[in-house]
Amino acid sequence: MTVSVAIIFVGLCVWLLTGARPFRSNPEVSSSVAVLPFADMSPAGDQAYLCDGIAEELIHTLSRVPGLRVVARTSAFQYKGKSVDVRRIGKELGVRSVVEGSVRHNGSTLRVTVQLINTADGYHAWSAAY
């Protein structure tokens, strides 16, 4: 699991720090992200602890990147279990990007999907599955 979080972290950092900057006029927003709670898509629906743990680990790891503003866990987790448009979340939290994802555990298979979404237009900027 640690390797997956490291791979996710590297991909997000590369995109956030070198990607297109649609918010250049506002430096406070240009390098900002909110990591939303991951969805538990397991058949049994019993992976909430893992979903929250992955999101919290990403928040912790990304917050160590110089120049990257990361929304606090309590602010981002207000959206847990809610279906809110990422453009609205971006405006409410004042961020350029959101990270969202899901966890599926079925038998011996664990699949984690992570997506980086641009809050200006709601489109995917980066996605990976592990």
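Any read-out appearing in this document is the output of simple, stated calculations on the displayed coordinates, not a laboratory observation. Bear in mind that the values here come from a model prediction, so they are computed numbers and not experimental data. Cβ placement follows ideal geometry from the backbone for every residue including glycine, while neighbour counts extend to all protein chains displayed.
If the condition is being touching a residue at least 12 places away in the same chain (Cβ under 8 Å) and either of a type in the set (F, W, Y) or over 13 Å from I117 (Cα atoms) (or both), then segment 82-99 contributes K91, L93, G94.
Residues that are touching a strand residue (DSSP E or B) at 6+ places or on another chain (Cβ under 9 Å), among the β-branched types (V, I, T) and under 18 Å from A120 (Cβ atoms) within segment 71-109 comprise V71, V86, I89, V95, V98, V99, listed in sequence order.
Within segment 42-82, the set of residues being touching a Lys or Arg at 6+ places or on another chain (Cβ under 6 Å) and closer than 19 Å to G94 by Cα comprises just one member, I59.
Within segment 111-130, the set of residues being in contact with a strand residue (DSSP E or B) (Cβ under 7 Å, 6 or more places away or on another chain) and among the aliphatic types (A, V, I, L, M) comprises V112, V114, L116, I117, A125, A128, A129.
Quick check on my filter: what residues within segment 100-109 are in contact (Cβ under 8 Å) with a residue 60 or more places away in the chain and surrounded by fewer than 16 Cβ atoms within 10 Å (Cβ to Cβ)? Once the filter is applied, which keeps residues that are in contact (Cβ under 8 Å) with a residue 60 or more places away in the chain and surrounded by fewer than 16 Cβ atoms within 10 Å (Cβ to Cβ), segment 100-109 yields only N106. Residues in segment 48-78 that are under 11 Å from A34 (Cα atoms), hydroxyl-bearing (S, T, Y) and either surrounded by fewer than 15 Cβ atoms within 10 Å (Cβ to Cβ) or touching a residue at least 40 places away in the same chain (Cβ under 8 Å) (or both): T74, S75. How many residues, within segment 115-124, are crowded, with 17+ Cβ neighbours inside 10 Å, assigned to a strand (DSSP E or B) and out of contact with any Phe, Trp or Tyr (no Cβ under 8 Å at 6 or more places or on another chain)? Selection size over segment 115-124: 1.
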